[in-house]
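Working notes, structure below.
What follows is calculated from the coordinates using simple rules that are stated; it is not laboratory data. In this text the structure is predicted, and so the values were computed from the model without any measurement. Positions of Cβ are backbone-derived with ideal geometry, glycine not excepted, and every protein chain shown enters the neighbour counts.
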Ligand code: ZN
């Protein structure tokens, strides 16, 4: 698994309990905590892909209102999944963690071939990040209990799309950890 990295998408205060709170996000926190602990123990890199919006500029804000604003508590990773000193933080201003960020450069430098993509939301930022990961040629794993959306419909639809369109392997976290 040395050529594998985990990308944690938008597990930020604003998306869990803040301005765009998602009740369903609570259920993925314990499994994600197990996943990240196991990864760090096994030397698998953990990369946080975090909204870091600029007020008055980022056009996504017109659609969703202010959320994940740079340098605010709302844009910080939730305390339960707090990054450690060995992890990487890659800020983003669009849905995709790759768009105009250093994600691709970082993955190349780390020699990554497979990405495990988790976090919020299965049908939005996880989907767009997965799209770009696929288009850059990475193999993709999405843990079914490590992503979520505002509704069951969006969650299930998101997973189905990731599998069908990007060949994402869907697997439960406790099964995935056995490979580490
Ligand atoms: Zn955003």
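Points to keep in mind about this one:
- In degrees, nearest ten, helix 29-42 long axis to first principal axis of the chain (Cα): 50
- Helix 152-166 axis versus longest C-alpha principal axis of the chain: approximately 50°, rounded to the nearest ten.
- Approximating the spin labels as points 7 Å out from Cα along Cα→Cβ, the residue 70-to-residue 34 distance works out to 3.8 nm.
- Neighbour counting of Cβ atoms within 10 Å sorts the residues 117, 171, fewest neighbours leading, into 171, 117.
- On the basis of the beta-carbon distance and an R0 of 45 Å, residue 102 and residue 160 show a calculated FRET efficiency of 0.90.
- The range 68-108: C-alpha gyration tensor shape, a/c 1.5 cut-off, then a/b vs b/c: oblate
- Alpha carbon centroid spacing (whole Å) that separates the range 148-174 from the range 4-81: 18
- Nearest 10 degrees, 0 to 90: helix 125-135 Cα axis against the chain principal axis: 50
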